[in-house]
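Below is one structure; the comments refer to it alone.
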Amino acid sequence: MLDSGVIRRIGAVPNHYAIGYTANGMSVWDVDDSRIDEMGKQVGALEFVTHCYRRPRRLPDWPYNLFAMVHSQNRREVAARVAEIATLLGDACRAHEILYSTAILKKSGLRIAA
Amino acid sequence: MRRAILLKAPSRPAAAGFANARGSGPDLASGAALDEVDRRLINALQGDFPLVAEPYRQVAEALGLDESELLRRLDSLLERRVLTRFGPMFQIERAGGAFVLAAMRVPEAEFERVAAQVNAFSEVAHNYRREHALNMWFVLATATPQGISEAIAAIEAVTGLPVFAFRKEREYFVEMKPHARILA
């Protein structure tokens, strides 16, 4: 399953809060469609970005098409890292927001039917 | 599969199973007491676990630890929920399943009721409260892509609120990075 990619890796999943990363900001970006793949790869390569995805916009409510998760010790640091992403994206990005988490409502492993 | 079963047998084969920390409390607990060895262990275990006959022994040796000491510490980290799990990370799409991020705009007065209703779905793997008009963000994991649409329809029916699904169009995936390093 590792060779086929069904299992991505074997290892530990830390509780970010327990190891000191208490601020969790989901940064979301409205990036020019013609440049998103080029820019997404660069954002995903930043060492502090833990997940980076392209997702569909939901206009008019949701103009953002790039999601980059940033974990840090506090919101000030998250904001500083998000500012780095903003600099990297430059004029390819029209708008962005940071959605901070304030509670874990549920966290369990996957459950698929056997 | 229970963690205790996994960890009580030293030198077990790598592919035999995985562990899940129990519970999923709503706390943002932090500040677990970690010594320097715990930190090195957590960092080492985020890389690729070796697929060899005695993987725990190999990891222990690389860290300069006794195998039984490594197992004891791993058990303790899971027990204290410093690690939420230890085992294989599945790429669920490659197994025919589906994974979708979804969000809802939940009126504050109804937040607890809706959280309980959403969390009751086994298809909801994670759920976070976030500061935004879209204030509830959860991940749906199902055995088939069709299962996602069914789960969304069921959640909308139970809660009476629309669900925004944000399907992954592309992942800008990077191999293990230093970000995984925990604070020194």
* **Other protein chain Cβ atoms within 10 Å, averaged over every residue that makes up B:119-128** => 5
* Structure fact -> Ranked from fewest to most other Cβ atoms within 10 Å of their own Cβ, B:Val59, A:Val13, A:Val49, B:Val37 fall in the order B:Val37, A:Val13, B:Val59, A:Val49
* Taking the Cα-to-Cβ direction at B:Ser149 and at A:Glu97 and moving 7 Å from each Cα, how far apart do the two end points lie in nm? -> 2.8
* From the backbone phi of region B:45-56, what are the Karplus-calculated ³J(HN,Hα) couplings (6.51 cos²θ - 1.76 cosθ + 1.60, θ = phi - 60°) in whole Hz, Gly and Pro given as x? -> 7, 8, x, 7, 6, x, 9, 9, 4, 10, x, 5
* List the aspartates and glutamates whose alpha-carbon lies under 20 Å from that of B:Lys168, not counting same-chain residues fewer than 8 positions away? -> A:Asp30, A:Asp32, A:Asp33, A:Asp37, A:Glu38, A:Asp61, A:Glu97, B:Glu93, B:Glu123, B:Glu150
* When the distances between all Cα atoms of chain A are binned every 10 Å from zero, what whole-number percent does each bin get? -> 12, 38, 32, 17, 1
* **Added length on full extension, which subtracts the Cα-Cα distance from 0.36 nm per residue, B:Glu67 to B:Arg80** => 2.7 nm
* Asked: Where a ≥ b ≥ c are the square roots of the eigenvalues of the C-alpha gyration tensor, would you call region B:92-166 rounded, which needs a/c under 1.5, or, failing that, prolate if a/b is larger than b/c, or oblate?
  -> prolate
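A short reminder: the numbers here are calculations on the coordinates, not readings from a lab. Nothing here was measured: the structure is a model prediction, and the numbers come from that model. Don't worry about glycine lacking a Cβ; one is built from the backbone with ideal geometry, like all the others, and counts go over all protein chains shown.
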